[in-house]
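Report on one structure; see the data block that follows.
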Amino acid sequence: MLKNADGSAYVEFGNTKVIAAVYGPREVVPRHEELTDRAIIRCRYRMLSFSTSDRKSPAPSRREIELSKVIREALEPAILSHYYPRTAIDVFVEVLNADGGTRTAGITAAALAVADAGIPMVDLVAAVAVGKIDGVLVLDVNELEDMFGEADMPLAAMPGLNKITMLQLNGVLTPQEFKQALTLAMKGIKQIYELQKEALRRTYVEIGEQIV
Amino acid sequence: MAKSEGSTQTITKRSIALPGDIIQAPPDNIIDVHNCVLKEKDLNIVTVVSLLDIEEVGEGSRYKLIPLKGRYIPKEGDVVVGIVKDVTLSSWIVDINAPYDGVLNASDYLGRPFSPTTENIRKYLDIGDVIVAKIAQFDRTRNPVLTTQDKDLGKVVEGSLIEIEPSKVARVIGKRHSMISMLEEMTQCKIIVGNNGRIILKCNDTEHEYIAVLAIKKIERESHMPGLTERIRSFIIEEKIKRGLIKHEGE
């Protein structure tokens, strides 16, 4: 996708469009931030000012700072950061068009970009949100469904290892509904995971087809 | 795209392995020179996008993994091409295209004791100079220490520098130097390949140099396809005919 970045990815979830770029492992710029036993992972999530119908102020909002941390923590268990001590891995997630589920699309794109950069990771991370609208559980909610629904539960996981790296819940779900939502989300994540792998493979197979 | 290639009666199947893929084989059957596989309990998990060669030898399959992308990580004994980016009183800080900067001490470069009180270090190397050096010491807790005390090492005064993906360096050199010697022979260039993905070309004329650059870029792009050396050979011949350097195939 992006030539200057070490790895990059573009992901669409319906109307939500996200681009992710990864740089590194590289030298840590404020020297005091470096860790002697592993790489630090820095993440910046940003919504571009034209990504919403009302212009969004380009200054980083409270929400963006929080989501940067959420995305970073969703990726950290997957990345083998102890392979590169005293370095930094920078992840940039830019939302081009927002229609709900930007954090899940962001995590999906960021994981792809990290893999594309050749950074060792135990598994790809895929994410999707489950919502509850009029008592019905639905997968991959958009902005309208999120605003008028009763609950919204974003979930990120490493399907190959069957491990959850991020789980949030906004609203109310009964314990039974929660279990249903979890299985529904995992089903969706597995589909996204397959698409991620296909996309990674395609970048190399396409080159192969050019010369034959 | 799978095609048998290589030396003895082995059948090779090629595919692309991705992070999270699990190879089900005894650990002894996995050849993993570049550290692409994480062994956790009884699982072998692939950690980077890599090329997986499956060779059927006798009683079982052998799995060989080569990464397709990744930054260069210094290793003791590697030859690297560096660019001086800073000068201290008695050493140079060298950019070696890795997450860690190289350190070259003046005494290591000159091969004799160096005293900053009597001499100016910038007389020998200054910012922007290109050097070929060897990594003398590296343990990840401190920056790699370089040395130029060996054959063919030292300051580079002529030639042109190109950069490729560090994981493709092995392809440019080829099996038992097959690729590099073919390139040198066909383009009449002297080629120095640094393990960090920087290559120095010393050519007699610009036409041959340009062909060599194109060929190396082609290797970088198509390194994961079988039959690379032959394809590059015909590519160079084609380019030479196009430029009127030779008339027919086979010089």
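The values are calculated or read from the model by the stated rules, or taken from the named source; none is laboratory data. Quantities reported herein were computed from a predicted structural model and do not represent experimental measurements. As a convention, Cβ positions derive from the backbone with ideal geometry for all residues, glycine included, and neighbour counts pool all protein chains shown.
Computed values, structure above
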read-out: Flag if residue B:201 is closer than 28 Å to residue B:78 by Cα, buried (at least 19 other Cβ atoms within 10 Å of the Cβ) and hydrophobic (A, V, I, L, M, F, W, C); value: yes
read-out: Unique match (being under 24 Å from residue A:89 (Cα atoms) and not aromatic (Phe, Trp, Tyr)) among A:196, A:180; value: A:196
read-out: So residue A:130, is it in contact with a helix residue (DSSP H, G or I) (Cβ under 9 Å, 6 or more places away or on another chain), hydrophobic (A, V, I, L, M, F, W, C) and over 16 Å from residue A:45 (Cα atoms); value: yes
read-out: Tally of residues being farther than 17 Å from residue A:161 by Cα and surrounded by fewer than 24 Cβ atoms within 10 Å (Cβ to Cβ) across the range A:119-135; value: 4
read-out: Any hit, the range B:156-174, residues being over 29 Å from residue A:84 (Cβ atoms), under 19 Å from the mean Cα position of the chain (by Cα) and either among the β-branched types (Val, Ile, Thr) or more than 14 Å from chain A (Cβ to nearest Cβ) (or both); value: yes
read-out: Qualifying position, being in contact (Cβ under 8 Å) with a residue 60 or more places away in the chain and among the aliphatic types (A, V, I, L, M), among B:213, B:145, B:169, B:156; value: B:156
read-out: Within the range A:118-212, strands (runs of 3 or more DSSP E) holding 3 or more residues that are more than 14 Å from chain B (Cβ to nearest Cβ) and within 25 Å of residue A:15 (Cα to Cα); value: A:126-133, A:136-139, A:151-158
read-out: Filtered residue count, the range B:121-152, keeping only those that are touching a Lys or Arg at 6+ places or on another chain (Cβ under 7 Å) and more than 27 Å from residue A:84 (Cβ to Cβ); value: 3
read-out: Long-range neighbours under 8 Å by Cβ, at least six apart or interchain, first residue within 12 Å of chain B (Cβ to nearest Cβ) and under 17 Å from residue A:123 (Cα atoms) within the range A:69-92, second acidic (Asp, Glu) and surrounded by fewer than 21 Cβ atoms within 10 Å (Cβ to Cβ); value: A:82/A:37
read-out: Filter pass, residue A:108 being surrounded by 21 or more Cβ atoms within 10 Å (Cβ to Cβ), farther than 29 Å from residue B:40 by Cα and hydroxyl-bearing (Ser, Thr, Tyr); value: no
read-out: Qualifying residues in the range B:67-93 (those that are farther than 15 Å from residue B:195 by Cα and among the β-branched types (Val, Ile, Thr)) - the one farthest from the other protein chains (Cβ to nearest Cβ); value: B:87
read-out: Candidate set from the range A:11-32 (those that are farther than 9 Å from residue A:86 by Cβ, surrounded by fewer than 22 Cβ atoms within 10 Å (Cβ to Cβ) and within 14 Å of another protein chain (Cβ to nearest Cβ)); member that is farthest from the chain's Cα centre (by Cα); value: A:31
read-out: Qualifying residue in the range B:52-65 (condition: in contact with a Gly (Cβ under 9 Å, 6 or more places away or on another chain), within 12 Å of chain A (Cβ to nearest Cβ) and at negative phi); value: no
read-out: From A:72, A:46, A:62, residue being out of contact with any strand residue (DSSP E or B) (no Cβ under 8 Å at 6 or more places or on another chain) and of a type in the set (D, E, K, R); value: A:62
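For (1) in a strand (DSSP E or B); (2) in the same structural domain as residue B:83 (by the TED database); (3) under 18 Å from residue B:196 (Cα atoms); (4) out of contact with any helix residue (DSSP H, G or I) (no Cβ under 7 Å at 6 or more places or on another chain), each residue gets a yes or a no:
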residue	(1), (2), (3), (4)
B:107	no, yes, no, yes
B:112	no, yes, no, yes
B:116	no, yes, no, yes
B:119	no, yes, no, yes
B:126	no, yes, no, yes
B:132	yes, yes, yes, yes
B:139	no, yes, yes, yes
B:151	no, yes, no, yes
